[in-house]
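Notes follow once the structure below has been shown.
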Amino acid sequence: MTLDQVRSAMPSGKEECDLYCNHNADVWRTVRCGSAGRVAHYIAKATLAFGHCAISHNDLAAASFCGRRTVGKAVRELIEKGFISYEGRTATGEPIYKAIWERAEACAARYDFVAPEGSLEQTNAQEAA
């Protein structure tokens, strides 16, 4: 798995998009530093696309615009708070992480909002249709 593959991976379908967005939202509400949010973003994208994330800390650092040591701290915090799990190493030595979706599902239940029918104003595009 390369960094470019993870960067180009996108969730497909409404359920995957909701899961991905809720995971990211819960991470950003919970973690201390922005670097952990960016690291979680790439691990979640890779988990949806490939079932796991096997990218070196150097590549995660480059993608997240931070240092390798900061990635290590971010990964430890994400594991401690239950957002990702460590699954071992690849044959070439990259760590394997997976996003844990149970927190994202719980986040969706806590923050799901549906506006009452007729309470929102229509946009110009909706009025024209």
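The values are calculated or read from the model by the stated rules, or taken from the named source; none is laboratory data. These numbers were taken from a predicted model, which means no experiment stands behind them. Here the Cβ is made from the backbone with ideal geometry for all residues, glycine too, and neighbour counts use every protein chain on show. SASA here: full protein model, heavy atoms, side chains in, ligands and nucleic acids out. Shrake-Rupley method; radii C 1.70, N 1.55, O 1.52, S 1.80 Å.
Straight-distance candidates among the lysines for linking to K14, with alpha-carbon spacing under 23 Å and chain neighbours fewer than 8 residues away dropped: K45, K98. Computed in the context of the full set of protein chains, the accessible area of region 28-84 at 1.4 Å probe radius has 49% of its extent on carbon or sulfur. Calculated accessible area for region 31-87 comes out at 44 Å² per residue, all protein chains present (probe 1.4 Å; ligands, DNA, RNA ignored). Summarising the overall dimensions of region 3-42 from its C-alpha atoms, the Rg and Dmax are 11.0, 30 angstrom. Proximity of backbone amide H atoms, modeled 1.01 Å from N, is registered between T90 and I96 at under 5 Å, excluding neighbours fewer than 5 places apart on the same chain.
Summarised as an ellipsoid, region 4-81 has semi-axes of 20, 15, 9 Å, derived from the eigenvalues of the Cα gyration tensor scaled by 5 and square-rooted, with the largest first. Compared with the alpha-carbon gap, the fully stretched path from D18 to E105 is longer by 30.4 nm at 0.36 nm per residue. Subtracting the Cα-Cα distance of A25 and S56 from their residue separation scaled by 0.36 nm leaves 8.7 nm. Given their separation in residues at 0.36 nm each and the Cα-Cα distance between them, M10 and C33 gain 5.9 nm when the chain is fully extended. Sites listed here are trypsin sites (Lys or Arg not before Pro) in region 1-77 whose DSSP assignment is loop and whose Cβ has at most 11 other Cβ atoms within 10 Å: R32. Label positions at T92 and T2, each projected 7 Å from the Cα along the C-beta direction, are separated by 1.0 nm.
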